[in-house]
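S.K.: There's a structure below that I have some questions on.
Read the figures in this text as sums done on the coordinates, not as results from a lab. All figures in this text were calculated on a predicted structure; none of them were measured in a lab. For neighbour counting, all protein chains shown are included, and Cβ atoms are generated from backbone atoms with ideal geometry for every residue, glycine included.
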Amino acid sequence: MAEAVPRQELQQCRRCSLWARATQAVGGEGDLHAQLMLVGEQPGQEEDLAGRPFVGPAGRLLDRALNDAGLDRERVYLTNAVKHFKWEPRGTRRMHKTPAQREIEACEHWLKFELARIEPRVVVALGATAGRALLGGPVTISVLRGQPIARERCWIVVTYHPSAVLRVPERSRQQELYRALVEDLHQAAELVKQKIPES
């Protein structure tokens with residue numbers, strides 16, 4: 001899969017301290033001419049080891065959601081707001097920890113680079129961290145989802161991160177969030193056909 005950011009350059013990133021505990025930096029990948037770009041929070045355990053975005057459980061759920069929304073993973077560009085895995089030990093496991101604002105800001109350089117390289121018509125923020133990185137402030141998904149935001153020559157669609165769907169214990173609520181994710185991905189696909197907002 002093609003990458004917008006040169007891998008070697010990304011591996012040398014020392015803009016924040018996350019690099020010291022991560023296995024490697026994980027850049028985005030996908031169609032470099034994609035009209036649709038999906039931005040998650042950060043690599044997880046499996047992504048950190050593989051060096052590729054969205055290859056763990058959340059990635060598999062996202063693949064299913066993309067398919068249900070009539071989208072092909074090969075035709076989109078996938079990345080994360082933060083490029084290193086932030087974690088804390090829990091027994092022998094490395095458990096995900098939400099990136100701090102300073103870490104999101106440190107990675108802004110790479111996200112802006114990817115946005116400039118891909119020039120997507122629509123960007124989907126998967127989760128509040130991605131929304132914050134793209135919109136520059138706190139994001140409440142339940143408030144913003146379903147309302148595309150015109151920003152810098154593209155539309156931004158805010159929705160749930162696939163991992164949020166997986167974390168919900170109640171089956172009915174999990175199905176509700178999954179349907180919302182698919183709905184929002186479908187909306188993003190429809191927005192690709194609409195006029196790009198003026199900057």
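S.K.: With the condition kept exactly as written, say whether any residue in the stretch 148-167 is hydroxyl-bearing (Ser, Thr, Tyr), part of a helix (DSSP H, G or I) and over 22 Å from Ala20 (Cα atoms).
M.R.: yes
S.K.: Do we find that Leu115 is of a type in the set (A, V, I, L, M) and in a helix (DSSP H, G or I) in this structure?
M.R.: Taking the combined requirement at face value, the residue satisfies it.
S.K.: Restricting to the stretch 8-39, and then to whatever is buried (at least 23 other Cβ atoms within 10 Å of the Cβ) and assigned to a loop (DSSP other than H, G, I, E, B), can you tell me which residue is farthest from the chain's Cα centre (by Cα)?
M.R.: Looking at residues that are buried (at least 23 other Cβ atoms within 10 Å of the Cβ) and assigned to a loop (DSSP other than H, G, I, E, B), I get Ala25.
S.K.: Among the listed residues Arg93, Arg117, Arg153, Arg102, identify the single one that is surrounded by fewer than 19 Cβ atoms within 10 Å (Cβ to Cβ) and closer than 17 Å to Pro43 by Cβ.
M.R.: Result: Arg93 is the single residue among Arg93, Arg117, Arg153, Arg102 that is surrounded by fewer than 19 Cβ atoms within 10 Å (Cβ to Cβ) and closer than 17 Å to Pro43 by Cβ.
S.K.: Taking only the stretch 40-67 into account, find how many residues are of a type in the set (D, E, K, R) and either part of a loop (DSSP other than H, G, I, E, B) or under 21 Å from Pro120 (Cα atoms) (or both).
M.R.: Matching residues across the stretch 40-67 total 3.
S.K.: Considering each residue of the stretch 109-118, count those that are under 27 Å from Gln194 (Cβ atoms), more than 13 Å from the chain's Cα centre (by Cα) and touching a residue at least 24 places away in the same chain (Cβ under 8 Å), and give that number.
M.R.: Residues that pass the stated criteria total 3.
This table checks each residue for (1) among the hydroxyl-bearing types (Ser, Thr, Tyr); (2) free of Cβ contacts under 8 Å to residues at least 40 places away in the same chain.
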| residue | (1), (2) |
| --- | --- |
| Ala100 | no, yes |
| Ile104 | no, yes |
| Pro120 | no, no |
| Leu135 | no, yes |
| Gly146 | no, no |
| Ile149 | no, yes |
| Ile156 | no, yes |
| Thr159 | yes, yes |
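S.K.: Based on what the data block shows, is Arg171 within 30 Å of Arg7 (Cβ to Cβ), charged (D, E, K, R) and surrounded by fewer than 22 Cβ atoms within 10 Å (Cβ to Cβ)?
M.R.: Judged against the criteria, Arg171 is not a match.
S.K.: A follow-up question, please. Looking at the stretch 68-112, which of its residues are among the basic types (Lys, Arg) and assigned to a loop (DSSP other than H, G, I, E, B)?
M.R.: Lys83, Lys86, Lys97
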